[in-house]
Amino acid sequence: MKVLITALAITAAITGPVAAQSAAERTGVNSVMGIAPSTEDFVREASASDLFEIESSKLALERGNEQTKGFAQQMITDHEKVTGSLKQMIESGKLKATPSPTLSSSQSEMLDDLKELNGAEFDGQYREDQVTAHENAVDLFKRYSEGGDHAELKKWASDNLPALQHHLEMVQAMEK
C-alpha cells in the first residue's frame, strides 16, 4: 500500500494539474488515502460523472435491451435531478464553484467505445461502465460527505450518496 501511495504521489508531482483538477485527486491518491476532494474538485468530478451517466444512458435507450433501457431511463431521470440541484446551489450563490460541462478523458473514451457496440456487447459494456462510474461516484460522494470543507455541499453529497449506492447495487444485480 505504501508503495502504491508513493508511486501515485510521484506521478502526481510529475504530471501537474490537468483541467484545473488537483493532482492528488486526478491520480487517485486522495481516494486511496480516503481524503476528501477539494470543493472545486468535487463539483467538477460530480458534474462530469452525472454527464457521463446521462449521455451513456441516452445511448442505452437507443441500443440496449429492455432491462438496460429501464435502468438507463432511471439513470437519466435521477442524474438530471442531481445535476439540477447542484446547479441550483451554485446559481443561488450558496456555493461558489464551477461545474464541469465536459467529460474526463477516460469517460470520453468509454462513451466512444460504447458508440461502437450494439446488442449484447453493448448491454454488457454499458453495465460494466455503469459499475465503474457508480463505484467512483460512491467513493467521491462518501469522501466529500465525510470530510468536505463546504457544509451545505457536504450535506448535499451525504443526501445523494444513498441513491448512488442503490444505483450501484442495481447495476451489479443486472450483471448476475
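Nothing in this text is a laboratory measurement; each read-out follows from the coordinates by a stated rule. Keep in mind that what you see is a predicted model, and the values were worked out from it rather than measured.
A few remarks follow.
- Backbone HN-Hα couplings from phi across the stretch 149-161 [Karplus 6.51/-1.76/1.60, Hz, Gly and Pro as x]: 9, 10, 4, 5, 5, 4, 5, 4, 4, 5, 5, 8, 4
- Rounded to whole Hz, the Karplus (6.51, -1.76, 1.60) HN-Hα couplings of the stretch 69-78, x for glycine and proline: 4, x, 5, 4, 5, 5, 5, 4, 4, 5
- Given LYS87/LYS176; LYS58/LYS176; LYS87/LYS142, the pairs whose alpha carbons are separated by over 25 Å: LYS87/LYS176
- The aspartates and glutamates within cross-link reach of LYS94, meaning a Cα-to-Cα straight distance under 12 Å and a gap of 8 or more places when in the same chain, are GLU152.
- 3J(HN,Hα) along the stretch 34-45: x, 8, 5, x, 5, 4, 4, 4, 4, 4, 4, 5 Hz, from the Karplus curve 6.51 cos²θ - 1.76 cosθ + 1.60 with θ = phi - 60°, whole Hz, x for Gly and Pro.
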